[in-house]
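Everything below concerns the one structure shown next.
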Amino acid sequence: MHLPAKKSGVTARQDPLLKVAGIIVVTTIIPSDSFSSVSRFEQFWNYLYPWGSDHNGSGRMVGSSSDHSHINPAGGTLTLIATPTSNASPPTSTADPHPAIHYASGAIHAKSQITVTRTQSWTVQGEFSAPTAKGTWPAFWLTAVVGWPPETDIGEWKGTNNNWYNTFNTSSVVHSDLVSWPSDLSFHSLKAVLTAESNGADVRIDFYMDNVLKATQFGAGFVGKALWLIINLQMEGSSGSPGPTGTTRYMARNVQVTRTG
């Protein structure tokens with residue numbers, strides 16, 4: 001997952017919290033109610049990937065302020081919907097490795113970018129109902145605004161009952177931890193806490209599922225690198241093929257992003 005694009009501003013809310021060492025500031029960048037309505041959604045999120053509609057799977061993302069057939073924020077839940085399609089134009093993805101397009105689906109990305117610094121850490125979290133059938137490839141992830149990597153995958157499901165926590169330091173230096181994920185489409189929470197290491201260059205990433213620490217990984221040189229936050233329902237590719245012949249849904253709720261410091 002990768003590639004850059006444009007950014008829009010967003011208003012954040014600051015909440016002073018008392019800590020033993022003194023007063024710190026936790027700023028809410030994306031509130032947990034951003035999926036309550038289309039108008040609320042559009043304050044904090046953009047449609048599609050930062051770079052457009054295509055990526056490395058067979059799903060082409062479709063959605064806009066006037067088309068919510070594949071990207072539906074309502075009642076506090078975001079639903080991304082993939083449906084089989086034929087005669088796509090163009091017939092293959094515009095992104096490497098240019099697979100054939102077999103589905104219309106949905107992706108969104110946050111208007112605000114995430115940049116860990118020596119003095120600012122970030123918490124990214126949400127609750128997800130993720131499909132795990134062969135050919136379904138949903139994700140909740142961070143990727144570099146400029147170049148690639150860095151990349152950190154908080155949620156990635158590749159056609160099996162596992163969630164993949166991944167950190168890409170280079171295209172070949174990758175750390176992955178797999179955690180069992182239920183196949184019944186029940187909601188479970190995921191969280192990543194990103195904090196600068198004492199060397200001022202690397203980022204420690206603590207991954208949680210249902211508020212239990214599951215893995216810790218390190219992003220070499222991630223400090224100061226701006227990241228996009230993306231939620232998408234890609235299809236086939238790394239999750240296998242053929243994919244489903246019917247409709248696939250990936251749901252997210254209570255997604256929240258906070259910055260500390």
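Scan segment 175-204 residue by residue and report those that are among the hydrophobic types (A, V, I, L, M, F, W, C) and either assigned to a loop (DSSP other than H, G, I, E, B) or in contact with a helix residue (DSSP H, G or I) (Cβ under 8 Å, 6 or more places away or on another chain) (or both).
Listed by number, the residues that qualify are 181, 185, 187, 201.
Screening 83, 136, 119 for residues that are modelled with pLDDT of 95 or more and open to solvent by less than 10 Å² (accessible area, probe 1.4 Å) leaves exactly one candidate, 136. Based on this model, can you work out whether residue 158 counts as touching a residue at least 40 places away in the same chain (Cβ under 8 Å), open to solvent by 50 Å² or more (accessible area, probe 1.4 Å), in contact with a helix residue (DSSP H, G or I) (Cβ under 9 Å, 6 or more places away or on another chain) and under 15 Å from residue 235 (Cβ atoms)? No; evaluated as a whole, the condition is false for this residue. One residue alone among 93, 69, 58 is open to solvent by less than 40 Å² (accessible area, probe 1.4 Å), free of Cβ contacts under 8 Å to residues at least 40 places away in the same chain and either closer than 19 Å to residue 259 by Cα or among the hydroxyl-bearing types (Ser, Thr, Tyr) (or both), and that residue is 93.
Among the criteria (1) buried (at least 17 other Cβ atoms within 10 Å of the Cβ); (2) in a loop (DSSP other than H, G, I, E, B), the one residue 170 does not fulfil is (1). Consider residue 171 against the criteria (1) modelled with pLDDT of 95 or more; (2) over 30 Å from residue 25 (Cα atoms): it satisfies all of them except one. Which criterion is unmet? Answer for residue 171: the failing condition is (1). Looking at 214, 225, just one residue is open to solvent by 50 Å² or more (accessible area, probe 1.4 Å), closer than 19 Å to residue 152 by Cβ and under 17 Å from the mean Cα position of the chain (by Cα), and that residue is 225.
The values are calculated or read from the model by the stated rules, or taken from the named source; none is laboratory data. Just so it is clear, the model here is predicted, and its values are computed rather than measured. Because the Cβ atoms are built from the backbone with ideal geometry, glycine has one as well, and the counts that use them run over all protein chains shown. Ligands, DNA and RNA are stripped out before the accessible areas are found, and what is left, the full protein with its side chains, is counted by its heavy atoms. Shrake-Rupley method; radii C 1.70, N 1.55, O 1.52, S 1.80 Å.
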